[in-house]
Amino acid sequence: MSKLPAAVIGVGQTHHRAKREDVSMAGLCREAIDRALEDAQMTLDEIDAIVVGKAPDLFEGVMMPELFLAEALGAAGKPLLRVHTAGSVGGSTAIVAASLVQAGVHRKVLAVAYEKQSESNAMWALSVPVPFNMPVHAGAGGYFAPHVRSYIRRSGAPSHIGAVVAAKDRTNALKNPYAHLHNEGTTVETVLASQMLWDPIRYDETCPSSDGACAVVVAAEDIADTRPDAAWIHGTVMRSEATTAAERDQVNPQASRDAAASLWKQAGITNPLEQIDVAEIYVPFSWFEPMWLESLGFAEEGTGWQLTESGATAMDGRLPVNCSGGVLSSNPIGASGMLRFAEAALQVRGRAGEHQVDGARRALGHAYGGGSQFFSMWVVAADKPRN
Amino acid sequence: MRDVAVVGFAQRQMQDFDGSPTCVELLVPVFKECYEQTGWTRRDIGFWCSGSSDYLAGRSFSFVQAVDAIGVIPPVNESHVEMDLAWAMYEAWLKIQTGEVDTALVYAFGKSSAGVLRRTLGLQLDPYTMTPLWPDTVSLAGLQARAGIDAGLWDEQAMAEVALRSLTDAEKNEHAVRRGGSSVPELLARPLYADPLRKHDCAPVTDGAAAIVLAAGDRAREVRDRPAWLSGISHHIDPMSMGTRDLTRSPSAARSAAALDLTGVDVAELHAPFSHQELVLHRELALADDVRINPSGGALTGNPMFSAGGIRVGEAARRIWAGESDKALAHATSGPALQQNLVCTLGAATGSTTGGHR
């Protein structure tokens with residue numbers, strides 16, 4: 001038995017800000033949902049089931065917020081699932097929504113993911129001491145900086161590569177009206193001049209903390225067939241590995257490599273650099289772009305930074321990466337993965353506005369979470385899958 | 001739909017864990033039992049999904065270290081729902097339905113004894129309007145019980161009868177936290193705890209973990225002569241608002257049941273953490289009078305958060321495996337006052353699986 005065809009026919013997101021004081025959590029989600037439904041030319045009444053994703057409940061201080069949100073999300077009287085797979089959750093949520101359609105259980109499914117970081121303090125929510133566990137009280141940057149240093153040592157990458165990525169993504173974000181950061185005049189030089197936070201990660205190489213939400217409508221084949229611009233799902237994958245283990249490669253985790261291999265196989269892709277037109281990759285710290293380019297198979301191991309340095313990942317390059325500005329420009333954690341998946345869909349639908357890549361037909365959406373241990377990815381395309 | 005069966009089930013339910021085990025310590029023996037039952041190793045499992053709660057664990061990402069219990073190098077196909085085990089099972093069932101995998105192991109865990117559960121669950125309410133008032137779970141259930149009594153739908157006697165049957169049945173359940181029936185008059189003579197609820201009307205605070213193994217078609221037949229085929233599964237949610245809901249009803253439970261064929265159900269394992277909630281569910285699911293309810297003793301005798309709903313599925317499956325039931329119903333609930341509900345049917349016969357098509 002194989003999966004039924006399914007496609008994204010609606011995408012919506014909020015304007016991302018450090019504090020969205022104008023809306024509650026419900027209002028934030030609804031902003032994204034209403035835009036996605038309008039895009040899908042659908043009302044909430046027509047939606048069969050809703051899948052909600054967000055990162056830890058401690059981020060907003062509500063236990064299982066989907067319960068109080070049920071009515072505002074339009075889920076009352078419907079099936080509602082709540083997914084939580086750390087930073088990869090936005091992607092996982094879209095994948096579960098896709099599965100509901102691909103399995104033939106439902107025909108029109110709404111997936112929504114959000115984070116309203118301003119209602120709590122993510123730093124503290126991530127810093128609860130647990131007996132017998134390593135205390136990591138330095139935020140995500142402190143956790144990932146050693147991975148980055150390790151990457152630089154292994155690949156021999158010059159020290160300005162992270163700044164190249166940051167300058168690119170921040171410049172791309174200027175074309176995205178929804179992006180949190182609109183930092184005019186960001187260049188490699190200005191990034192390199194910003195404060196060092198966790199060596200080698202500088203302030204301008206980190207993501208912001210954002211309030212924001214994203215929603216997508218996934219529909220069955222016959223519905224998507226009636227739309228001129230459906231984003232057909234060609235492959236989905238989730239993979240997880242342990243947090244810590246002596247044999248773990250945290251620079252290029254096996255779960256990431258396995259996930260990519262499975263994804264490319266499902267989508268019939270043998271040469272991702274040739275066959276993927278545009279990629280939205282989860283890059284919360286700039287150095288993760290070259291790292292993931294290698295792990296995903298866009299570049300040989302140790303050469304991802306060369307692809308970045310050559311300008312290949314710029315909007316007019318061979319493989320435009322994070323044309324939306326990426327996680328580096330907006331990071332509502334629970335929604336960040338879905339934003340990557342949704343932006344990939346927008347690109348192949350030709351609806352990415354100012355940051356549209358001309359003629360994009362096949363795109364990657366990618367997310368990761370935890371200590372680089374949870375991965376979710378999908379490939380969407382303008383054409384229907386053949387098998 | 002593919003034929004999918006429950007072929008493995010392991011559980012732990014206890015008043016509080018001895019010592020302070022990590023999630024990994026809790027889960028390893030539960031997985032071991034599942035491997036023993038199926039004859040499989042972790043490499044035979046196509047998909048993993050867990051249910052748990054960060055708030056119960058008192059930390060973010062409570063599922064992260066639980067994943068370590070699997071032994072996830074090499075990596076696994078894995079997901080997590082911040083919900084009860086029953087919904088983790090739903091996601092796994094879905095994954096099998098896509099054809100991507102044939103087998104799944106789903107698990108859940110929680111240590112309620114680490115905090116004051118009725119207050120912790122107060123954090124499930126609307127944070128802008130309700131949580132600041134800190135209505136706790138037991139008090140909200142008390143309001144629900146009172147609403148039914150005032151409406152003439154049940155009385156304290158009927159609630160005591162539910163508790164008596166549960167406590168009596170729990171005498172045969174080695175996992176039960178509370179057991180030992182006496183008589184309805186004796187139960188009614190006990191002091192009120194949260195008027196009109198007595199302690200035996202409320203599920204005990206329980207620590208626990210549980211796991212369920214699912215398999216499709218021949219993979220299920222490999223394991224069991226009489227797999228518990230999931231013939232239907234459906235779940236829905238109601239608005240939370242306690243002020244506008246009719247607390248004597250659970251429309252989401254009724255809607256879930258209506259999506260399934262309940263003809264011939266002989267046993268029902270209902271997740272009712274308060275005695276009157278069993279009475280609500282009996283009505284909403286439209287169960288026949290001769291259906292045997294909660295032979296395990298049910299949630300009134302052990303209610304490990306995030307496992308208790310899935311344990312109902314496991315208990316129902318065990319009865320199918322043993323030939324004690326030909327068609328069983330299992331139910332799980334979440335949220336205050338039966339807000340969200342999942343119903344599934346399990347049987348000795350394959351076919352007619354529904355996925356809650358609307």
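Things to note:
- Mean separation of Cα contacts under 8 Å (6+ apart) over length of chain B, as relative contact order %: 26
- Accessible heavy-atom area order of B:Arg43, B:Arg118, A:Arg239, highest first, probe of 1.4 Å: B:Arg43, B:Arg118, A:Arg239
- More than 37 angstrom apart: percent of Cα pairs within the protein assembly as shown: 36
- The residues of the stretch A:1-134 present an accessible area of 29 Å² per residue when probed at 1.4 Å with all protein chains retained.
- The longest part of chain B holding none of the exposed loop GluC sites (Glu not before Pro), meaning those outside H, G, I, E and B in DSSP with at most 15 other Cβ atoms within 10 Å, is B:1-173.
- In straight-distance terms, cross-link reach from A:Lys175 covers every one of the lysines whose alpha-carbon lies under 23 Å from its own, apart from those fewer than eight places away in the same chain; here that gives A:Lys19.
- When chain B is treated as a GNM with alpha-carbon contacts under 10 Å, the residue of B:Asp16, B:Asp126, B:Asp326 showing the greatest mean-square fluctuation is B:Asp126.
- Lys, Arg +1 and Asp, Glu -1 on Cβ, resulting dipole of the stretch B:203-358 about Cα centre, debye, nearest 20: 260
- Alpha carbon centroid spacing (whole Å) that separates the stretch A:162-219 from the stretch B:99-134: 34
- Within 10 Å of the Cβ of each residue in B:63-73, the mean number of Cβ atoms contributed by other protein chains is 5.
- Helix B:275-284 and the long axis of chain B differ in direction by around 70°, with both axes built from C-alpha atoms.
- Per atom type, chain B shows carbon and sulfur on 50% of its accessible surface, probed at 1.4 Å.
- Relative contact order (percent, whole number), the stretch A:317-387, Cα cutoff 8 Å, 6+ residue spacing: 27
- Between helix B:137-150 and chain B: long-axis angle, C-alpha atoms, 0 to 90°, nearest 10: 60
- Under 14 Å, Cβ to Cβ, from A:Pro385 - net charge with Lys/Arg +1 and Asp/Glu -1: +3
- Cross-link partners for A:Lys78 among the lysines, with Cα-Cα distance under 21 Å and sequence neighbours closer than 8 places in the same chain left out: A:Lys54, A:Lys108, B:Lys95.
- Computed over the stretch A:1-128, relative contact order equals 34 percent, with contacts defined as Cα pairs under 8 Å that lie 6+ residues apart.
- Alpha-carbon centroid distance for the pair the stretch B:51-83 / the stretch B:270-321, whole angstrom: 26
- With both labels modelled 7 Å from their Cα along Cα-to-Cβ, the A:Val188 to B:Glu33 distance reads 6.1 nm.
- Dipole magnitude of the protein assembly as shown, debye to nearest 20 (Cβ charges: Lys/Arg +1, Asp/Glu -1, about Cα centre): 420
- Each Lys and Arg Cβ is given +1 and each Asp and Glu Cβ -1; about its Cα centre, the stretch A:135-235 then shows a dipole of about 540 debye.
- Note that the stretch A:143-257 presents 38 Å² accessible area per residue, ligands and nucleic acids not counted, probe 1.4 Å.
- Peptide-level mean, for A:249-255, of C-beta atoms on other protein chains within 10 Å: 2
- Accessible area per residue in Å² at 1.4 Å probe, computed on chain B: 33
- The stretch B:201-354: equivalent-ellipsoid semi-axes (sqrt of 5 x gyration tensor eigenvalues, Cα, Å): 25, 17, 14
- Using the Cβ-Cβ distance between B:Gln15 and B:Leu192 with R0 = 22 Å, the FRET efficiency computed as 1/(1 + (r/R0)^6) comes to roughly 0.45.
- For the pair B and A, the buried accessible area comes to roughly 5300 Å² in total, with a 1.4 Å probe and the value rounded to the nearest 100.
- Put the Cα centre of the stretch A:346-387 next to the Cα centre of the stretch B:26-40 and the gap is 38 Å.
- For chain B, built as a Gaussian network whose Cα springs stay under 10 Å, the top-fluctuating residue of B:Pro191, B:Pro135, B:Pro74: B:Pro74
- Dipole of chain B, positive direction: furthest Cα of B:Val67, B:Tyr193, B:Met1, with charges on the beta-carbon: B:Val67
- Within-15-Å neighbourhood charge of A:Leu4 [Cβ basis; K, R +1; D, E -1]: +2
- With Cα atoms, 0 to 90° folded angle of helix B:308-321 axis to chain B main axis: 60
- Protein accessible area in the stretch A:34-93, 1.4 Å probe - carbon and sulfur %: 42
- Order of exposure, largest accessible area first, which applies to A:Leu181, A:Leu28 with probe 1.4 Å: A:Leu181, A:Leu28
The values are calculated or read from the model by the stated rules, or taken from the named source; none is laboratory data. All values reported here derive from a predicted model rather than from experimental measurement. So basically every Cβ, Gly included, is an ideal-geometry build from the backbone, and we count neighbours across all protein chains shown. Calculation scope for accessible area: heavy atoms of the full protein, side chains included, ligands and nucleic acids excluded. Shrake-Rupley method; radii C 1.70, N 1.55, O 1.52, S 1.80 Å.
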